[in-house]
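*Asks:* Got a structure for you, written out below as structure tokens; questions coming shortly.
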Amino acid sequence: MEASEIQETYQVRLEIFEGPLDLLLFLIKKRKLNIHDIPIAVITRDYLDYLARKQNINLNREAEFLLMAAFLIYLKSQMLLPREQPQLEESSDPRQVLVNQLLEYQKVKITSSLLRQKEEEQQRRWLRPFNPTALSLEEEEILEVNLFDLAECFYLLMKQKENENFKILKGREVSLEKKMGEILDLLEKQPVLDFLDYLKSQESLEEALVAFFCLLELVRARLVIAFQESLFQTIKVWLRRDRLTEERG
Amino acid sequence: MSEDLKGIIEALIFVSTEPLTAERIKEVLADFPEEEVERALQELKQNYDTNNRGICLQQSAGGYLFTTRPEFDPWIRRMLQIERKSRLSQAALETLAIIAYHQPITSSEIAAIRGVDSTGTIKTLLEKKLIKIVGRRSTPGRPLVYRTTEKFLLYFGLNSLEDLPSEEEIARLLEEKDIEQTES
């Protein structure tokens, strides 16, 4: 990927590596070492230097890095120990396991960069949104959205509003409670609410923001269900019927 | 006649809600000789390739579908006011690459190749429907096994898994990289 960029900056953060193998490959490359004949002592030192730079080790994320460090030290000790038979065949080289792993991972890196190219190429092709009348509701691929999708929906709206050159001196004050009631009332009148349209119908940014927080709150309180038919599309909001009777009845 | 047939096929692909396979086209057009349908399809594809149209006929995930021409992406994004589509993370791409080449594969096998735990990434890929669970392995713990989906092919514009670069191609690319390195 951005290999050249990485090499230019000496201080590279651990976070940019996908894992210990990624870091090892980077170190091997930096020293221009032969992957089939890695000087374990050298690479172990480099590797440990890297880990040492890290102030706090987050065990959740970096446990694998530590495991590899332990393995490298183990390998080093293996290489130091006198062998009983001086000439062993190649397969008994203690480094072999690591070499195989690195070679395999190198392939993964190559293929994933090829996939990245394909992804970029394909993302520049746009597909016609499939004719909705040709689909019945049951066939719709419904994904329940999470907060990020909602946030994205909101972002989309903001992008659209940006160009409208809005000038609001002072919007009317809207409370969260009032807006929440408004949304629930609307949902009782109509079965489904197109949330992007609803946000658009808001008079001001403040009101749209309040409406957005309301939706988050309603989803959290499990009063409504928010669905997105596919990625990057508007979000539809339904009332949770079961809850409604409990809460309001 | 052949002009008609081309038009019909074009219309079929246009209304199809998924990549339309050549088999399905032939099935629908069973009253025409198969060779003629095949020829019309190829001609249609050439028409789209040669004329400088905004739309291409792409062969992806085993079927035909219309997409816009990649060069026109900036204008489309300008109209839709989308700066850029979200891309998969590096972890997701690596995991997908491993699954694509080693399927069916278990979560622990993926982790062994990547050198890191991949359960979170697998979950994301499942949600995106780029991979699917195809069963369990009958080894201890009965781990789940994963495969890539049709949507995976569609996402990367691949016609089938055979479109993935072969072992030889990868080996060649690796060599090229090595040469680059020794030269630099």
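Computed from the coordinates by the stated procedures, all read-outs in this text should not be read as laboratory data. Note that the structure is predicted; figures quoted are calculated from it, not measured. Positions of Cβ are backbone-derived with ideal geometry, glycine not excepted, and every protein chain shown enters the neighbour counts.
*Asks:* Checking the cross-link filter: which lysines have an alpha carbon closer than 22 Å to that of A:LYS32, excluding same-chain neighbours under 8 positions apart?
*Replies:* A:LYS76, A:LYS107, A:LYS109, B:LYS177
*Asks:* Can you compute the modelled spin-label distance between B:THR119 and A:ILE16, with each label point 7 Å from Cα toward Cβ, in nm?
*Replies:* 3.0 nm
*Asks:* List the pair-distance distribution P(r) of the stretch B:1-73, using every Cα-Cα distance, as the percent of pairs falling in each 10 Å bin from 0 up to the bin containing the longest distance, rounded to whole percents.
*Replies:* 20, 55, 22, 3
*Asks:* At q = 0.12, 0.16 Å⁻¹, what is the base-10 log of I(q)/I(0) for the stretch B:70-155 according to the Debye formula with one equal point scatterer per Cα and no solvent? Please give it to two decimals.
*Replies:* Scattering profile of the stretch B:70-155, log10 relative to I(0): -0.43, -0.66.
*Asks:* Compute the convex hull volume of the Cα atoms of the stretch B:1-125, divide it by the residue count, and report the result per residue in Å³ as a whole number. Could you put the intermediate results ahead of the total?
*Replies:* Details: hull volume 20.0 nm³, N = 125.
Given the Cα convex hull of the stretch B:1-125, per-residue volume reads 160 Å³.
*Asks:* Counting only other chains, and only Cβ atoms inside 10 Å, what mean value do you get across the residues of B:89-98? List each step's numbers first, then the result.
*Replies:* Numbers: counts 1, 9, 3, 2, 11, 10, 3, 5, 10, 6.
The mean count of partner-chain Cβ atoms within 10 Å per residue comes to 6.
*Asks:* Residue by residue through the stretch A:214-219, which ³J(HN,Hα) values in whole Hz follow from phi under the Karplus form 6.51 cos²θ - 1.76 cosθ + 1.60 (θ = phi - 60°), with glycine and proline marked x?
*Replies:* Once rounded to whole Hz, the list reads 4, 4, 4, 5, 5, 5.
*Asks:* Dipole size in debye (nearest 20) for the stretch B:64-184 around its Cα centre, Lys and Arg Cβ +1, Asp and Glu Cβ -1? Working shown, then result.
*Replies:* Numbers: 18 positive and 18 negative charges, 219 e Å.
Magnitude of the dipole: close to 1060 debye.
*Asks:* Turning to a different aspect of this structure: Which order do peptides B:87-98, B:9-20, A:109-120 fall in by mean Cβ count within 10 Å, highest first?
*Replies:* Details: B:87-98: 21.7, B:9-20: 16.1, A:109-120: 18.4.
Result, highest mean first: B:87-98, A:109-120, B:9-20.
*Asks:* Compute the distance in nm between two label points, each set 7 Å from the Cα along the Cα-to-Cβ direction, one at A:ILE35 and one at A:GLU104.
*Replies:* 1.3 nm
*Asks:* Compute the distance in nm between two label points, each set 7 Å from the Cα along the Cα-to-Cβ direction, one at B:GLN103 and one at A:GLU64.
*Replies:* 2.1 nm
*Asks:* Rounded to the nearest 0.05, what FRET efficiency do B:ARG77 and B:LEU126 have when you use their Cβ-Cβ distance and R0 = 22 Å? It would help to have the intermediate numbers written out before the result.
*Replies:* Details: r = 29 Å, r/R0 = 1.30.
Working from the Cβ atoms, E equals 0.15.
*Asks:* If amide hydrogens are placed 1.01 Å from N in the peptide plane, which non-local residues have theirs closer than 5 Å to the one on A:ARG240?
*Replies:* Excluding prolines and chain starts, which carry no amide H, the hits are A:VAL224, A:ILE225.
*Asks:* Next up: What pairs in A:LYS29/A:LYS118; A:LYS118/A:LYS159; A:LYS178/B:LYS128; A:LYS236/B:LYS26 have C-alpha atoms more than 31 Å from each other?
*Replies:* Details: A:LYS29/A:LYS118 26 Å; A:LYS118/A:LYS159 28 Å; A:LYS178/B:LYS128 36 Å; A:LYS236/B:LYS26 38 Å.
Correct reply: A:LYS178/B:LYS128; A:LYS236/B:LYS26.
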